[in-house]
1. Pairs to check: LYS91/LYS129; LYS70/LYS91; LYS80/LYS189; LYS8/LYS70; LYS8/LYS189; LYS36/LYS129. Give those whose C-alpha atoms are more than 24 Å from each other in this structure.
2. For the stretch 138-195 and the stretch 205-283, write down the distance between their C-alpha centroids in whole Å.
3. Pairs of Cα atoms under 8 Å, at least six residues apart: use those to get the relative contact order of the chain, whole percent.
4. Quickly estimate the mean residue ellipticity at 222 nm for the chain, helices only: each DSSP H run with n ≥ 4 gives -39500 (n - 2.57), and the total goes over all residues, rounded to 500.
5. Just the number, please: percent antiparallel of the DSSP beta bridges in the chain, rounded to the nearest 5.
6. Please identify the DSSP H helices in the chain that span no less than 24 Å along the helix axis (Cα) and have a mean Kyte-Doolittle hydropathy of 1.6 or more.
7. Give, as a single signed number, the net charge of other residues whose beta carbon lies under 15 Å from the beta carbon of ASP26, with Lys and Arg counted +1 and Asp and Glu -1.
8. In a shell of Cβ-Cβ distance under 15 Å around ASN48, excluding ASN48 itself, what net charge do Lys and Arg (+1) and Asp and Glu (-1) give?
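Values quoted throughout were computed directly from the atomic coordinates according to the rules given, and no laboratory measurement underlies them. The shown structure was predicted, so the numbers you read here are calculated from the model rather than taken from an experiment. Virtual Cβ from ideal backbone geometry, glycine too; neighbours counted across all protein chains shown.
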Amino acid sequence: MQTRTFEKLKWPNGAQCAVMLSFDVDGDTIWKNGAKAYPDGERYIRANSVGNYGPKRAVENILAMLDDMKLPGTFFIPAKVMEDHPQLCRKIMERGHDIGHHGYHHERYVDLSPEEQRAIIQKSQNIFKNTIGREAIGYRTPSGDWSRETAGILVDLGFSYSSSMRGDDRPYRTVIDGVETDFIEISPKWDMDDFVQFGYNMFPPEPSGQDRIAGIEQVYDNYRREFDGYYAEGLCFVILCHPQIIGSPGRLAMLRRLLCYIREHNVWFASGSQIADWWRQNY
Ligand SMILES: [Zn+2]
């Protein structure tokens, strides 16, 4: 008995399923923002070092893996991290991967006025232009949510797509003021977010109730079973990883094993901008 209803989607070259590999290079921004909730929070520098593991060590290893496997990645980078690590960002760009907007300092857009959001995006676009020679056309909302006005601002500023929401396993056209637009959403899911599986810090505590570092084999099993489901239904499978989390040697080996498994299937590995273009032209 069929338990889910679905429309069979078309992907390029007769592929059965689309796969987007995305990496949020948050650096230490989330830890610095989180520490502001504590008196003298700037004293907590160990948490920052958790974040700095991303640009310091993990991104290079992820790039080497993607090169070796000839797979496209999509990297969402706060502009402050780009300011701090310009050569690394240029390297990501030169390897042919997408780089998208992820705030200046990983701000919570839901807390900002439309004017503040616009100013952060424009400031970040200038940093992108000066560092990697081009502005971002992809957006992933930092820290969880955006405000009612955000999508309209992104369209105004020339963005092509977002990968921020959680509400579909296919791309879709974002509805703004009741009108379906060309602005495409490619939703990642919590299930495929490595932070939710492995993210941990003792203080400030993450997760706030503590007790989480999932077993690597269990996470591999979750990811693989989700992929099998997406593949069976021909959907758009989005992996959401953070270099500071997925980049440890054992976890990265797990991701490589997962990608080897996925690669044995008839899938279309694509960047966010490629998926958005395909969707806009075909749906
Ligand atoms: Zn982030």
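1. From LYS91/LYS129; LYS70/LYS91; LYS80/LYS189; LYS8/LYS70; LYS8/LYS189; LYS36/LYS129, over 24 Å: LYS80/LYS189; LYS8/LYS70; LYS36/LYS129.
2. For the stretch 138-195 versus the stretch 205-283, the Cα centre distance is 18 Å.
3. Worked out over the chain, it gives 28 percent.
4. -12500 deg cm²/dmol
5. Rounded to the nearest five, the antiparallel share is 20 percent.
6. Numbers: long enough: 114-132 (26 Å, -0.91); 216-233 (26 Å, -1.43).
Sorted by number, there is nothing, because no helix extends far enough and scores high enough.
7. With Lys, Arg at +1 and Asp, Glu at -1, the net is -2.
8. Details: positive: LYS32, LYS36, ARG43, ARG46, LYS56, ARG57, LYS80; negative: ASP26, ASP28, ASP40, GLU42, ASP84, GLU206.
Charge balance in the 15 Å sphere: +1.
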